[in-house]
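Below is one structure, written out as structure tokens, with a few remarks after it.
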Amino acid sequence: TEAGVKYFKRVWSAILAYMIQRISGTLLSKKTNALILEVAGGISFRIFASPHTLSVLPAVNTHVLLFTYLHVREDALELYGFPNEAELDLFEKLISVSGIGPKSAMGVLGVAKTDQLIAAINEGRTELITRASGIGKKTAERVVLELRGKLISPGGSQETLTLMESDMELEETLMSLGYSRTQAKTALQKIDPNIQGFKERLKAALQGMKR
């Protein structure tokens, strides 16, 4: 019966979601918001990823390992990938907030590094969260209301937020020079963490782009 088929689909989808925890293979290509990964047997998966994840991945045709989340819809199965468990955990916390789906959560993750986003949420800095595509002020306020104090920040909040704000300014500066947001984020990921100051970090980012 139709009801039986729907039940079978729900059960099978739940089993798949539980089974696919990590996935590794050869990175075939990177797209704007996703990547193509080839696993054993020549099977390839399309995996949605945040700009941050895409920026930290190695070059095409190299081996990568991603932590994954399978989003089950009635008409589709969508696989989301993350470079570490911390980013996956934040993603799962975000989609637990009313009104935030996987696409919106990926938009939030694309704003900054995981520790910076956690600091922004814990400090109630909604204006930093609204930089995500599709996330408005009311939704950002809901994120802060539901998650504030429930996320563990690995470092000092104020210092982390200062760096986050500086990197956002750097990103905007690089984009004003003609670079794409993805290029800017990739350049920021490559800056030596010991380099301090806006001008010094901007210089390092530009030098990294020339290589």
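The values are calculated or read from the model by the stated rules, or taken from the named source; none is laboratory data. Note that this is a predicted model, so its numbers are computed, not measured. Every residue, glycine among them, receives a Cβ derived from its backbone with ideal geometry; neighbour counts consider all protein chains shown. Remember, those area values only see protein heavy atoms, side chains included, never the ligands or the DNA or RNA. Shrake-Rupley method; radii C 1.70, N 1.55, O 1.52, S 1.80 Å.
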K137 - accessible surface, heavy atoms, 1.4 Å probe, Å² rounded to 10: 140
Residues in region 103-131 reached by a label modelled at N84 [backbone nitrogen below 17 Å; 7 Å Cα→Cβ]: 109-120
Two-site label geometry, K138 and S96: point separation in nm, points 7 Å out along Cα→Cβ: 2.4
With all protein chains modelled, accessible area of E127 [1.4 Å, Å²]: 90
All-pairs alpha carbon distance profile, region 114-211, 5 Å steps from 0, percent: 2, 13, 22, 20, 18, 13, 8, 3, 0
Per residue value of the accessible surface for the chain (all protein chains in place, 1.4 Å probe), Å²: 56
With DNA, RNA and ligands ignored, accessible area of V72 (1.4 Å probe; Å², nearest 10): 60
Inter-probe distance in nm under a simple model that places probes 7 Å from Cα toward Cβ, at L65 and E159: 2.9
Karplus (6.51, -1.76, 1.60) ³J(HN,Hα), θ = phi - 60°, over region 115-121, in Hz, Gly and Pro reported as x: 5, 6, 5, 4, 4, 5, 5
Accessible surface of region 59-211 [probe 1.4 Å, protein heavy atoms]: carbon and sulfur percent: 50
Net lengthening on full extension, T32/L77 (0.36 nm per residue, minus Cα-Cα): 14.3 nm
Rg in Å to one decimal, and Dmax rounded to a whole Å, for region 37-144 via C-alpha atoms: 14.6, 47
Over the chain: Rg over Rh, Cα atoms, Kirkwood Rh: 1.00
The chain: angle of helix 85-95 to the longest principal axis, Cα-based, in degrees nearest 10: 70
By accessible area with a 1.4 Å probe, ligands and nucleic acids excluded, highest first: order of F91, F45: F45, F91
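Sum up the charges of everything whose Cβ sits under 12 Å from the Cβ of L90, counting Lys and Arg as +1 and Asp and Glu as -1, but leave L90 out.
Working: positive: K93, K113, K150; negative: E85, E87, D89, E92, D115.
Once all neighbours under 12 Å are counted, the net charge is -2.
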Length-normalised contact order for region 58-132 - Cα pairs under 8 Å, 6+ apart - percent: 19
